[in-house]
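Nothing in this text is a laboratory measurement; each read-out follows from the coordinates by a stated rule. A quick note: this is a predicted structure, and the numbers were derived from the prediction, not measured. Heads up, the Cβs are rebuilt from the backbone with ideal geometry, glycines too, and the neighbour counts pull from every protein chain shown.
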Amino acid sequence: MAYQNFTVETDKDGIALVTWDMKGRAMNVFDLKAMEELAAIVEDIATNDSIKGAVVTSGKDSFCAGADLTMLEDMLGAFTKQAAKKPEAAMQMLFDESRKLSLLLRRMETCGKPVVAALTGTALGGGFELALACHYRVAASDSNGKVGLPEVKVGLFPGAGGTQRLTRMLAPIDALPLLLQGTELAFSKAKAMGIINETVPAADLVATAKKWIVGGGEGVQPWDREKFKLPGGPVFSPNGMQTFAAANALYRKETFDLYPGIRAVMSAVYEGLLMPMDIALRIESRYFAHVLRTPQAAAMIRSLFISMQALSKGARRPAKVPATKLGRIGIIGAGFMGAGIAYVSARAGIPVVLIDRDQASADRGKAHTEDLMTKAVQRGKATEEAKGKVLSLITASDDYSALKGCDLVIEAVFEDRGVKAEAMAKAAPYLSADTIIASNTSTLPITSLAENVADPEKFIGIHFFSPVDKMMLVEVIMGKKTGDRALAAALDFIRAIRKTPIVVNDGRGFYTSRTVMTYIREGHMMLLEGVPPAMIENAGRMAGMPVGPLSLNDEVAVDLAWKILQATKKDMGAKAIDPRQEALLEEMAVKRGRAGRKAGKGFYDYDGRKKQLWPGLAEIVEPKPAESFDIEELKQRLLVAQALETARIFEEGILTDVREADVGSILGFGFAPWAGGTLSYIDMMGTDKFVKTAKKFQKKYGERFKPNALLVDMAAKGDRFYVRFNPEKTRKKAA
Amino acid sequence: MADALIFDHVRTPRGRGKKDGSLHEVTAVDLAAQTLDAIRDRNGLDTTMLDDVVLGCVDPVGEAGSDIARMAVFKAGYDTSVPGVQINRFCASGLDAVNFAAGEIISGQHGLTIGGGVESMSRVGIGASGGSWPVDPSVALPAYYMPQGISADLIATKYGFSRTEVDAYALESQKRAARAWKKGYFKNSVVPVRDVNGLTILDRDEHMRPETTMQSLASLNPSFEGMAAMAGFDAVGIQAHPEVEKINYVHHAGNSSGIVDGAAAVLIGSKQAGKKAGLKPRARIRAYANIGSDPALMLTGPVDVTKKVLKRSGMSLDDIDLIEVNEAFASVVLRFMQAFDLDGEKVNVNGGAIALGHPLGATGAMLLGTALDELERRDLNTALVTLCIGSGMGTATIIERV
């Protein structure tokens, strides 16, 4: 029989070699057709007497990337449509549809014949679940491959047996971290843990798999044998009780109970391990269908998978501009940012000229790459050879003439108009008319910086986040005159260094800096109201932010917050700032010299890696009893402040694509991933309720919560961002 | 409604709840049966008149499993017409058993009942009965499950009790318990545990450490810090009480209740039934109450339930002469006294579970008996008995002499 996605060849020993190779896709994924075809193949293996066993492998250098998430989106769409009329039937349909892969894999593992997974490379999500349902797993040692169940990262959880099989292969204490964090394991690590049976060179993969079958490998899973014992012992044993009690606490510690998908893993594992496999899988399926329906899963899939992929692939790139040649790039300023940009560029194989005012400074910038590469080698993430190659790509110099011939020059000097102008002037003689010039800045308006260059059309802002090697987002800022070529070059470069771009228009603080400052400000205001400092910090984290607002201010620097406030006051007038916040920052940064982490003291006291809220805060504002405050309202205020600012920025036209607002907020400043980002947060709450909440806060806490006209209008019309500004439609209109 | 009168109370001494404890060799059902023996014999009770035996037991598994109250009835040789039921509300089970037994009288359905409890912690380990509370995410998360000791530390942190304060409280418990024993305040109620030949196995509480000093307490390391950090329970506490930056770990074996074996029984009945049986009432149960309280703090239920029972009975703490608050942990009692602005003068006057031990299912009935004996000795009228309870609950009973 001929399949679109698979080939099946049965050899003289009766072993069917099932090779998965989807046409037109870089990686295999489970979509409806692939599942339908695999089901037919499994039936054939089960019922065809001439087939003694099977090896499942891939025709690509990776095995399978998991399920096609758009398939899940469609499933959910069909459910939503039907749910209004026949809720019970709709739920049954969703349950049945969403467990198809689970049943298919169960059919495979109980077909009575041995099935071996031969992993050519990475197997994630559903792909790894397929491998787990096989009776034996062989992986290519020379492939750089990984296995893992990353579903929780997009709000879902492994719904095709992953939660049940992994916890029957490993003790829950070892399996749960993989499930709860979506950790990906290199083949060698997976083998050491016993998840993969053998690793051999790719060339020997299929032969090794077949050898196991010929050697008498049986088609029965350990958990389907009569005397099977759970590796961690029964749940209700002293060991099991301890494991699950701690796992529940650690789940809360890590997630603040904000992620229904991760919580469902906990429940599916706990309840599943009390039952035999078939019932356990049914329990897992019930939770899977439940999680699919949560707004968090929908928002996370949309922002963290679909939108992020679209933006990374250049959704905002002007299509007509040909690919930018990035033969060599120049970076001016070898400080922490410039050095970081040099590192990520060289790691992507792009030759870099790294310039600073003297050779020693330039060399220090290059040394940053050496440090990072040395660490990578120590951790087994890079070879000595790769380190040498990366270092050889970076030329550190104090001679601006070395910029000659660069296709893109990124200026990353100190955040000061004068310093930046001077750097541009020094570089100008060595740049050609075609050179694209980018300025790395988090605050200075791009349109005015463009005055420093000959051709503003070729000038653009690129805002990297610190530390550059870790932060995945790059905020691209269009000056008034920035042209398509500059935009295309910036996006091509960002794609080359494998980061995700958002493109915004010029404006004070652009998008991310401006929005995150509202989070910090709200923390300040709470402190001034007498909210106990720890409660402010915990409220931030419990809302889903990576750190509390006061801690974040310490990282950003308290004196910087003070300076930004002063600059805003100077440029926009006294009304643009809150005098109470100004007084607090003056007290902290100016009068008491508590400038933040860099000074070893800010809102916290620092002692090496340890920190503790500064007890002296009580002298500045006496805290009120915790009972005077509602933690739910504090959490909401911190998120609403940021979401509201985003809505304003969107209305002002600085942001133009709802996906960029969401992806930028999560990757840029860690805005509550469970909500899918700032605008998804508003959509999830509903604009009507959001506006009501903002108005309530406006009354209680001040004008900074006044909802903008766009939001008020949307609320009146029952509109949502992803409806009114649907990126699909917007794109079609533009095309 | 009938009055529930208390005719008598007995308890076993509390044996150290370890393998070297004196009561380790005695079965749980034997401990319970010996209190039933004693209360029958010293009251000349015709057991055919008894309508029920209600016993608290927190880990009712293994030898303490099924229905230990009915089994104790057999072992004590009560008439087979006497039924038994075991109940469990964690640490307050013994007091709840008394309340349930009293409720049977108050409702007019029964005439004469026994309430009490039993726990052999040396033989059936704490937590042996399992349960969903810590392990089932759908329960553990809304319940903010964490081990009690961490909750006790959270209480100390939230309400500001220092290590010195909790240790000082523990020292006072030891001193008061030692004095009470020395002066024979417990002699009316404690019945020795004997072997099958009548030989005494244990006749006094053996967990006490009268030699305790502030220095010896200060040398003990906090018990719960390591577990809290490793298993993430610190975060559970902080997320429930986010004004807390970090938990101050102050509790250890010396200022927490002792793990012990023991049993207790309280004879309760209506006026009419008492008269018929020739019993003289010592007190009546004036009111009792139960409540659910903050599950993360877990052990502040005595504050909430005391407010509830006082309000319902139209009383204030000024009407109460003596108070027994179970010393599960020092911070529990300190918080109780702080909440009601009490000094220690009428609280746990003869020491408590820190010195004497806390045989989970039995303690509530023991505290009730201790309060009754002390009311009589001091010739006072009214006492309040209350216990904190796992997962955040409280039980309280008010008794008054008749």
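Rounded, prolate or oblate, given the Cα gyration tensor of the stretch B:50-100, with a/c below 1.5 counting as rounded?
Cα axes put the stretch B:50-100 in the oblate bin.
Going from the alpha-carbon gyration tensor of the stretch A:555-711, what semi-axes, largest first and in whole Å, does one get by taking the root of 5 times each eigenvalue?
On the way: eigenvalues 170, 71, 65 Å².
Listed largest to smallest, the semi-axes of the stretch A:555-711 are 29, 19, 18 Å.
Got a sec? Charge dipole of the protein assembly as shown, +1 on Cβ for Lys and Arg, -1 for Asp and Glu; which of A:Phe629, A:Ser432, B:Gly184 is way out at the positive end?
Most positive-ward Cα: A:Ser432.
How large is the charge dipole for the stretch A:329-508, taken about the Cα centre, if only the Cβ atoms of Lys, Arg (+1) and Asp, Glu (-1) carry charge, to the nearest 20 debye? Write out the running numbers ahead of the final one.
Values: 22 positive and 23 negative charges, 114 e Å.
It works out to roughly 540 debye.
How long are the semi-axes of the ellipsoid equivalent to the stretch A:6-293, from square roots of 5 times the Cα gyration tensor eigenvalues, in whole Å, largest first?
Values: eigenvalues 167, 107, 66 Å².
Gyration-tensor ellipsoid for the stretch A:6-293: 29, 23, 18 Å.
Using the structure shown, list the pairs from A:Lys499/A:Lys706; A:Lys85/A:Lys696; A:Lys624/A:Lys695; A:Lys635/A:Lys689; A:Lys611/A:Lys700; B:Lys311/B:Lys346 with a Cα-Cα distance above 27 Å, or answer none. Kindly include the intermediate steps, with their values, before the conclusion.
Numbers: A:Lys499/A:Lys706 35 Å; A:Lys85/A:Lys696 35 Å; A:Lys624/A:Lys695 25 Å; A:Lys635/A:Lys689 16 Å; A:Lys611/A:Lys700 33 Å; B:Lys311/B:Lys346 20 Å.
Checking Cα-Cα distances, A:Lys499/A:Lys706; A:Lys85/A:Lys696; A:Lys611/A:Lys700 exceed 27 Å.
Counting each DSSP H run of 4 or more residues in chain A as -39500 (n - 2.57), what helix-only mean residue ellipticity at 222 nm follows after dividing by all residues, to the nearest 500 deg cm²/dmol? Walk me through the numbers on the way to the answer.
Values: 33 runs with 363 residues, N = 735.
After summing the helix terms and dividing by the residues of chain A, the value is -15000 deg cm²/dmol.
Roughly what would the spin-label model give for A:Ala709 and B:Val196, points 7 Å off Cα along C-beta, in nm?
9.5 nm
Can you order the peptides B:383-396, B:110-123 by their average number of other Cβ atoms within 10 Å per residue, highest first?
Details: B:383-396: 26.9, B:110-123: 29.6.
Peptide ranking by packing, descending: B:110-123, B:383-396.
Give me the base-10 log of I(q)/I(0) for the protein assembly as shown at each q in 0.05, 0.10 Å⁻¹, Debye formula, one uniform scatterer per Cα, rounded to two decimals.
Ignoring solvent entirely, the Cα scatterers give -0.45, -1.27.
Please give the average number of partner chain Cβ atoms lying within 10 Å of the Cβ of each residue in A:241-247, rounded to a whole number. Could the numbers behind the result be given before it?
Details: counts 6, 5, 2, 7, 12, 7, 5.
Per residue, the average neighbour count from other chains is 6.
Radius of gyration and Dmax for the stretch B:145-217's Cα atoms, expressed in Å?
According to the Cα coordinates of the stretch B:145-217, Rg and Dmax are 17.2, 53 Å.
Could you sort the peptides B:333-341, A:510-518, B:246-254 by per-residue average Cβ neighbour count (10 Å cutoff), highest mean leading?
On the way: B:333-341: 19.0, A:510-518: 23.8, B:246-254: 21.7.
With the highest mean Cβ count within 10 Å placed first, the list reads A:510-518, B:246-254, B:333-341.
Could I have the simple spin-label model distance between A:Asp484 and A:Gln92, label points 7 Å from Cα toward Cβ, reported in nm to one decimal?
5.5 nm
Just to confirm the filter: which chymotrypsin sites (Phe, Trp or Tyr not before Pro) across the stretch A:189-294 are DSSP coil and have at most 16 other Cβ within 10 angstrom of their Cβ?
Working: sites: A:Trp212, A:Trp223, A:Phe228, A:Phe236, A:Phe244, A:Tyr251, A:Phe256, A:Tyr270, A:Tyr287, A:Phe288; in loops: A:Phe228, A:Phe236, A:Phe256.
Those satisfying the criteria are A:Phe228, A:Phe236.
Place +1 on the Cβ of every Lys and Arg and -1 on the Cβ of every Asp and Glu in chain A, take the dipole about the Cα centre, and give the residue among A:Gly479, A:Gln698, A:Leu560 whose Cα lies farthest towards its positive end.
A:Gln698
Determine how many Å³ per residue the convex hull of the Cα atoms of the stretch A:357-453 encloses.
Working: hull volume 11.5 nm³, N = 97.
About 119 Å³ per residue, rounded to a whole number.
Rank by packing, highest mean first: peptides B:233-239, B:326-332, with packing defined as the count of other Cβ atoms within 10 Å averaged across residues. Before the final figure, lay out each step's value.
Working: B:233-239: 24.9, B:326-332: 30.7.
Listed from highest to lowest mean packing, they are B:326-332, B:233-239.
Return an integer: the convex hull volume of the alpha-carbon atoms of the stretch A:185-228, in Å³ per residue.
On the way: hull volume 4.0 nm³, N = 44.
Value for the stretch A:185-228: 92 Å³ per residue.
On a full-extension model of 0.36 nm per residue, what is the gain between A:Leu274 and A:Asp398, subtracting their alpha-carbon distance, rounded to one decimal in nm? Write out the running numbers ahead of the final one.
Numbers: separation 124, 0.36 × 124 = 44.64 nm, distance 6.74 nm.
Taking A:Leu274 through A:Asp398 to full extension adds about 37.9 nm, to one decimal.
On alpha carbon coordinates alone, what is the Rg over Rh value for the stretch A:1-102, Rh being the Kirkwood radius? Walk me through the numbers before you get to the answer.
On the way: Rg = 16.6 Å, Rh = 15.3 Å.
When Rh is taken as the Kirkwood radius, the ratio is 1.08.
Ordered by residue, what ³J(HN,Hα) values in Hz, to whole numbers, does the stretch A:561-575 give under the Karplus form 6.51 cos²θ - 1.76 cosθ + 1.60, where θ = phi - 60° and Gly and Pro are x?
Taking θ as phi minus 60°, the curve returns 4, 4, 5, 4, 5, 5, 5, 4, 4, 5, 6, 10, x, 4, 5 Hz for the stretch A:561-575.
State, as an integer percentage, the relative contact order of chain B based on alpha-carbon contacts under 8 Å between residues 6 or more apart.
Working: 1000 pairs, mean separation 111.2, N = 402.
Reported relative contact order: 28 percent.
If each residue of separation counts as 0.36 nm, what is the full-extension length gain between A:Asp21 and A:Ala618 once their alpha-carbon separation is subtracted?
Between A:Asp21 and A:Ala618, full extension yields an extra 208.5 nm.
Starting from one equal scatterer on each C-alpha and no solvent at all, send me the Debye-based log10 I(q)/I(0) for the stretch A:292-354 at q = 0.12, 0.27, 0.28 Å⁻¹, two decimals.
After summing over all Cα pairs, the log10 values are -0.54, -1.02, -1.04.
Suppose every Lys and Arg Cβ carries +1 and every Asp and Glu Cβ carries -1, with no other charges. What dipole size does the stretch A:6-293 come out with about its Cα centre, to the nearest 20 debye? Could you put the intermediate results ahead of the total?
Values: 32 positive and 33 negative charges, 123 e Å.
In debye, rounded to 20, the stretch A:6-293 gives about 600.
Averaged across the residues of B:137-143, what count of C-beta atoms belonging to other chains lies within 10 Å of each residue's C-beta?
Details: counts 16, 6, 2, 9, 8, 1, 1.
Average neighbour count from other chains, rounded to a whole number: 6.
Quick one: dipole size for chain A, taken about the Cα centre, charges +1 on Lys/Arg Cβ and -1 on Asp/Glu Cβ, in debye to the nearest 20.
Values: 98 positive and 87 negative charges, 169 e Å.
Value, rounded to 20: 820 debye.
Post the alpha-carbon centroid distance, the stretch B:10-85 to the stretch A:590-644, in whole angstrom.
One Cα centre to the other: 57 Å.
If you take each beta carbon of peptide A:534-540 and count the beta carbons of other chains within 10 angstrom, what is the mean? Write out the running numbers ahead of the final one.
Numbers: counts 7, 5, 2, 3, 8, 2, 1.
The shielding value for this peptide is 4.
To the nearest 0.05, how large is the calculated FRET efficiency for B:Arg209 and B:Lys187 if R₀ is 25 Å and r is the Cβ-Cβ distance?
Details: r = 21 Å, r/R0 = 0.84.
Efficiency for this residue pair is about 0.75.
Roughly speaking, what is the centre-to-centre gap between the stretch B:221-239 and the stretch B:324-348 when only Cα atoms are used, to the nearest Å?
Using only Cα atoms, the two centres lie 24 Å from each other.
Taking only the C-alpha atoms, wrap a convex hull around chain B and report its volume per residue in Å³ as a whole number. Don't jump to the answer; show the numbers that get you there.
Values: hull volume 53.3 nm³, N = 402.
Hull volume normalised by residue count: 133 Å³.
I'd like the distance between the alpha-carbon centres of the stretch A:12-67 and the stretch A:159-231, rounded to an integer number of Å.
Cα centres, the stretch A:12-67 to the stretch A:159-231: 18 Å.
Add +1 for every Lys or Arg and -1 for every Asp or Glu among the other residues with Cβ under 14 Å from the Cβ of A:Met75, and state the total. List each step's numbers first, then the result.
Values: positive: A:Lys81, A:Arg99, A:Lys100, A:Arg293; negative: A:Asp31, A:Asp68, A:Glu73, A:Asp74, A:Asp96, A:Glu97.
Residues close to A:Met75 contribute a combined charge of -2.
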